[in-house]
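A quick write-up on the structure given underneath.
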Amino acid sequence: MPKLTPDEVRHIAELAKLALTDEEIEQYASDLSAILDYARQLQQVNTEHIHPTASVLPLRNVMRPDEPRPGLAPEDALANAPERQDGYFKVHAVLECSQ
Amino acid sequence: MPTYEVVIGLEVHAELITQSKMFCACSADFFGAPPNTHVCPVCLAMPGALPVINREAVAQTIRAGLALNCTIAEDVRFERKNYTYPDLPKGYQITQYELPQAVNGWLEIDTPDGSKRIRITRAHLEEDTGKLVHENGVSLVDYNRAGVPLLEIVSEPDMRSIDEVNEYLTRLRQLLIYIGASTGDLEKGAMRMEANVSLRPAGSQELGTKVEIKNLNSFRAVRNALAYEIARQEKVLREGGQVEQVTLGWLEHEGRTYVQRTKEEAHDYRYFPEPDLPPLHIDRAWVEELAAGLPELPRARRQRFVEQYGLSRKDADILTAERAVADYFDALVAAVGDAMPPKKVANWVMGDLFRLVNESGLPISGIPVTPAKFAELLKLLAAKTINANTASQVLKTMFRTGEDAGAIVEREGLAQVSDEAALERLVDRLLAEHPDEVARYRAGKTQLFGWFVGQVMRETRGKANPGVVKKLLEGRLAEHGQDE
């Protein structure tokens, strides 16, 4: 199968918020293509009579009753925050829109 | 010039009423709480923390699906919707994608041409996101709302006007409140809308290019944004242009949309099954149990009020708008029994009672005048022990003090005066005291009749039987006329 194109790798990197150099893009194009080739082998298995499966665990309907319990103390909740302000996590402004 | 038909579909997100969050035991009652005080390792996405499904949220989704005439799926699965944004600590939202909980339903709405079914594509369960406050180049993040169960209801593009959209939203909100699935409290963000809208030449069966509008947090915003977008698209088409497929945001205070993203930058969510949550297999018996527990739904109830109580559809609509009001009315009619026709009872509820309820700000379920107490008052009126005017006054006192109608009537001596001889003496005296008015009435100023009635009522503190007073006044005023 053809290798992933540099543009496809850039798109995936963008989704994963990774900044890659041109050399890395070349490297990942090969690495990711190898992974896809490996998955392609699995697609050769005949699954005509197999029900689509999302989980191989013998578990179903694992649910809990709707009972609230106290969570973390605010100090603990924010312990790992790189920055905070008035009890909020503080991050660089992220605007999804182009106003 | 061609005319265009508007085609609109809606996505409605409704926060479900549960005690705890969707996948962790944090309290879901977060509104107004200080930031990040309803959080735990699960909803903060700390490594190793695992989600567990809230059974009540699933039950609420099934109830909503049933109320929307949907097929309830047996095999349901949660999936990860991947995107990177700080309102989502995990980097993905857990949602239902390929196997949603409810599909292929409909909601009936009223249009000027009669009832219309708006098809429901799907209703699925997901988790809400955190809240961001943007200020001075930074974003402040509060995860109290992150992980609160959210029901997403997606309609087919079946609406053809802004009025139909408004009616759909009103009925959907009413339904969700009726079944106890959502508070429907828009001011607290319990319902949030997205609309997709396109135009096509009238008569065409093909769909035009649709535009999505997000961030619609009130019904008014939905109406305003749609009106703006419909006008914009119509202008583009009339000028021979093409509508571009974009996602828009709505700036309510500026009254305009803005482009959030175009098709080229559409998100690639890379959905895949959530490995941390075993799939659900919904037991039929559970669905039947939930169906049996549903209350009478608003439309069926409205129809019953028309058929059983002989109400107009408009009155039935008003009395079934809220479940608590409809419950009150049902109980009241039952307690009044045959003493008064339901239509008349309805007028008392929609008039005097609604006025007192509105003034008090109390929910109808919490007012001191219970259906049983109100029924006692209406029975006194029906038995002509008191007149309508007195009943109105007594109701006010009952509302204030919570006393029984009979006790108030007795204590304040409000029983109606129907004694003709006593009223006759009073009428004679009043006419003798007001010769000028009598003369003017005689001379043709018949509007003064109401003034005479008012004088008698004032003298009797509103207790006189109005029928008797009217009869006496008519007789006496005619006599006086003949005498001179």
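Some points to look at:
- Of every Cα-Cα pair in chain A, the percent that sits beyond 18 Å: 74
- Its alpha carbons considered, the range B:349-446 gives a radius of gyration followed by a Dmax of 18.2, 54 Å.
- Where Rh is the Kirkwood radius over Cα pairs, Rg/Rh for the range A:31-70: 1.28
- Expressed as a fraction of 2.2 N^0.38 Å, the C-alpha radius of gyration for chain B is 1.32.
- Residue exposure sequence - B:43, B:26 - by fewest surrounding Cβ within 10 Å: B:26, B:43
- Every Cα-Cα pair of the protein assembly as shown was included, and the share exceeding 42 Å stands at 43 percent.
- Mean Cβ neighbour count within 10 Å, used as a protection proxy, ranking B:54-61, B:116-123, B:351-358 highest first: B:54-61, B:116-123, B:351-358
- Backbone HN-Hα couplings from phi across the range B:351-358 [Karplus 6.51/-1.76/1.60, Hz, Gly and Pro as x]: x, 4, 5, 4, 4, 5, 4, 4
- Nearest-ten-degree value, helix B:298-309 long axis tilted from longest Cα axis of chain B: 20
- Cross-link pairs B:21/B:131; B:344/B:396; B:188/B:214; B:344/B:471 - those with Cα-Cα distance over 21 Å: B:344/B:471
- As a proxy for reagent exposure, B:160, B:173 were ordered by neighbouring Cβ count within 10 angstrom, fewest first; the result is B:160, B:173.
- In degrees, nearest ten, helix B:55-67 long axis to first principal axis of chain B (Cα): 60
- Equivalent ellipsoid, the range B:48-153 (semi-axes from 5 times Cα gyration tensor eigenvalues, Å): 31, 19, 11
- Projected area averaged over orientations for the range B:4-290, convex hull of C-alpha atoms, nm²: 16.3
- Förster radius 25 Å - calculated FRET efficiency between residue A:36 and residue B:269 (Cβ-Cβ, nearest 0.05): 0.80
- Shielding by partners, peptide B:50-61 (average Cβ within 10 angstrom, other chains): 3
- Fewest-first ranking of B:380, B:88, B:251, using other Cβ atoms within 10 Å as the exposure measure: B:251, B:88, B:380
- Once the convex hull of all Cα atoms in the range B:391-470 is built, its volume per residue stands at 98 Å³.
- Overall Cα dimensions of the range B:225-381 - principal axes, largest extent first, Å: 72, 50, 31
- By the rule of a C-alpha distance below 30 Å, with chain neighbours fewer than 8 residues away ignored, the lysines paired with residue A:3 are A:17, B:81, B:263.
- Chain A: angle of helix A:6-15 to the longest principal axis, Cα-based, in degrees nearest 10: 20
- One decimal place: the segment residue B:219-residue B:396 gains 60.2 nm when fully extended, by the rule 0.36 nm per residue minus the C-alpha distance.
- Calculated FRET efficiency for the pair residue B:404/residue A:57, C-beta based, R₀ 56 Å, to 0.05: 0.30
- Å³ per residue enclosed by the Cα convex hull of the range B:312-401: 86
- Distance (nanometres) between label positions extended 7 Å along Cα→Cβ at residue B:115 and residue B:312: 2.1
Since every read-out is calculated from the coordinates, none of them should be taken as a lab result. From a predicted model like this one, the values you see are computed outputs, not experimental measurements. A quick note on method: Cβ atoms are made from the backbone with ideal geometry, for glycine too, and the neighbour counts reach across all protein chains shown.
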